[in-house]
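Contents: one structure, followed by commentary.
The values are calculated or read from the model by the stated rules, or taken from the named source; none is laboratory data. None of these values were measured; they are calculated from a predicted model. Positions of Cβ are backbone-derived with ideal geometry, glycine not excepted, and every protein chain shown enters the neighbour counts. These area figures cover heavy atoms from the full protein model, side chains too; ligands, DNA and RNA do not enter into them. Shrake-Rupley method; radii C 1.70, N 1.55, O 1.52, S 1.80 Å.
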Amino acid sequence: MLGVGTAAYQIEGAYNEGGRGASIWDTYTGANTVGMPGSVCKEAPCPLNSVMSDKGATGNVANNHYHKYKEDVAMMKDLGLKYYRFSVAWPRIVPTGHMKDGVNKEGIQFYHDLIDELINSGITPLITIYHWDLPQGLLDIGFEKALPACDPQYQQGWYDCTWGEDGTPIPTGMKSTVAKEFLAYAELLLQEYGDKVKAWATFNEAWTFTALASGYGKAPSQQPYMDVDIWPKVAGHNVILAHLMVVMKFREMQKSGALTPEHKVFITNNQDWREPLTEKKEDIAAAHYLIEGGLGWFCDPIFGVDGVHDYPKSMRKTLKYLPKFSEEEMKLLKENKPDAFGLNHYGTSFVAYDNGKYTTTHAGLVQGKSSWLFRAAWGYRKLLNWVKNHYGEYPIWGTEAGWSDGLEDPLAGKQDSGRLTYYQTYLLESLNAIKEDGVKMESFMAWSLMDNFEWEMGYAERFGCMWNEFLWDKDPNAPSADTPIYNAYSGKVEGKCGDDCARQRVAPGPQRPKDQTRHMRNSMLRLIETWGSPTMITGPMQDDFFQAATDQNICFGHGTYETSDGIEECSPEALSTKRVVPA
Ligand code: NOJ
């Protein structure tokens, strides 16, 4: 499977339309959620979380995909895309997160329409059930005073727990509100879309939305859940067991005939490669420890190592707050393994261990726009081998890999040599892993279809294979200079956003979001060559695909876009390419 991926909160926009409830990302970015189902903000302007890096950016409008999905699918068809991975926004389906409050027919219909459009265009959809946008109705927040942890009076999101006798939190696991609601939501999706969609991921990057959600950029980053030694482990435990519950339901539905044996359930986890800086055994051990504490944290329990479904021993030995699975849970994990090993991977770093501490460095590796992204295709090959050697013969589904830049001009942006090199080399090393190392890799999905809302980095880091014209403008529902700041460390609202939120070119405007245009990058041309297009390419690409992207501006959409030369128009008439076969 060769394709591209996106996620709901990053592209859909229409955050307060079509009956959608508030999500923790709306709250975190300081969007106006007053009156939305599940909202915790009673009066605008709603507070913005101090941990959000690109203050003022929200997913309110994003790529306006909710309204432009038809055009977007037509574009995908033109690009010759065969596989498309997207996520469903939980608060669009269950606005408060609680089934008892009702489901949202309009939201359910939206994904029917999207899926139908994809299938009618010859594109196979893969669904991610959870890509980080938890309904806010499942997580309370005290803006003035932190709420107590492990208190059943409150909605605790993924942190659902009780207090153990020794004063440490014990995750509530399969009995938690969040896991039960997640199961009900997942079951609804399977019932609604199961006859149309065969491949289902329970979660995207469990590590990222737990480990980084206590002050390292991701939502919720709120008190009382900011102690990074404790709360990510509690959340992670609940996530693993919620995943298990969905797999059990999936198998049950396969047995009853509601789903077929061809349906596949999986989970996508993420790991960047950690290369020991030297051959010293301490460096090797440190690199291994980091991979076990990242990928292994979730994958050892879920996929099992030598038949054991538990946290890695290295974690057990070193982490005080690592929760415990019961014998019964480990047995169920063993009996309910996923069908494929979903893997997101981006870059590599070198690890050295000295005096009780490890350090990571990147000497010699080229960096993307993201602080954490260093390119080394050989690292990908090593990781693929690590997964094969560690977990055995699961088919590996590469669900993300990609490169960021910050190119603001569409004409400069399309000449994305960094991303082009990235895909060229990462695809080559994937092939080497398959052919020479015997890795059972069955998919490579580029991240992402188009530039979009890059979480705490807003729109400042562009990961798209299509460059996107966001039509920057003032969004009255996004933070402004007057927006109060929620200090995630003190757990109180303190001060105002000021100049940070008053910057230009931060938010796509809601004024004419239909007019956004998407622009072909060199890397997309390279990918098209990879998956082979029936309509887009009229000859062998190798000879002239650079020329196609430099001399001709292939854009999709009907609107204007801004270049250093001024405002240009994108319309079928204005298309300067002989390469696009009209849809
Ligand atoms: C992983 C996430 O799944 C995706 O949402 C994000 O945009 C990319 N990495 C890039 O950071």
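Structure notes:
- Residues that are within 16 Å of the ligand (Cβ to nearest atom), open to solvent by less than 10 Å² (accessible area, probe 1.4 Å) and assigned to a loop (DSSP other than H, G, I, E, B) within segment 13-53 comprise G13, M52, listed in sequence order.
- Residue selected from segment 208-222 under the condition surrounded by fewer than 22 Cβ atoms within 10 Å (Cβ to Cβ) and not aliphatic (A, V, I, L, M), by the criterion farthest from the chain's Cα centre (by Cα): G215
- Test: residue in segment 184-202 that is under 28 Å from A258 (Cβ atoms), of a type outside the set (K, R), part of a loop (DSSP other than H, G, I, E, B) and open to solvent by 50 Å² or more (accessible area, probe 1.4 Å): yes
- In segment 255-291, of all residues being open to solvent by 20 Å² or more (accessible area, probe 1.4 Å) and closer than 17 Å to Y346 by Cα, the one that is nearest to the ligand (Cβ to nearest atom) corresponds to N270.
- Test: Y422 is over 21 Å from T208 (Cα atoms), within 15 Å of the ligand (Cβ to nearest atom), open to solvent by less than 40 Å² (accessible area, probe 1.4 Å) and outside any loop (DSSP other than H, G, I, E, B): yes
- Hits in segment 223-242 - residues which are in contact (Cβ under 8 Å) with a residue 60 or more places away in the chain and either buried (at least 24 other Cβ atoms within 10 Å of the Cβ) or assigned to a helix (DSSP H, G or I) (or both): Y225, W231, K233, V234, A235, G236, H237, N238, V239, I240, L241, A242
- Filtered residues of segment 103-153 (kept if among the small types (G, A, S) and either open to solvent by 50 Å² or more (accessible area, probe 1.4 Å) or outside any loop (DSSP other than H, G, I, E, B) (or both)): G107, G137
- Residue match in segment 386-399 (condition: within 16 Å of the ligand (Cβ to nearest atom) and touching a Gly at 6+ places or on another chain (Cβ under 6 Å)): yes
- Residue that is nearest to E329 (Cα to Cα), among those in segment 163-183 that are open to solvent by less than 50 Å² (accessible area, probe 1.4 Å) and part of a loop (DSSP other than H, G, I, E, B): T172
- Wholly within segment 322-372, strands (runs of 3 or more DSSP E) carrying at least 3 residues that are hydrophobic (A, V, I, L, M, F, W, C): 340-344, 348-354
- Under the condition of being among the acidic types (D, E) and within 16 Å of the ligand (Cβ to nearest atom), the residues counted in segment 128-171 number 1.
- Residues of segment 311-335 that turn out to be open to solvent by 40 Å² or more (accessible area, probe 1.4 Å) and touching a helix residue (DSSP H, G or I) at 6+ places or on another chain (Cβ under 6 Å), as a count: 1
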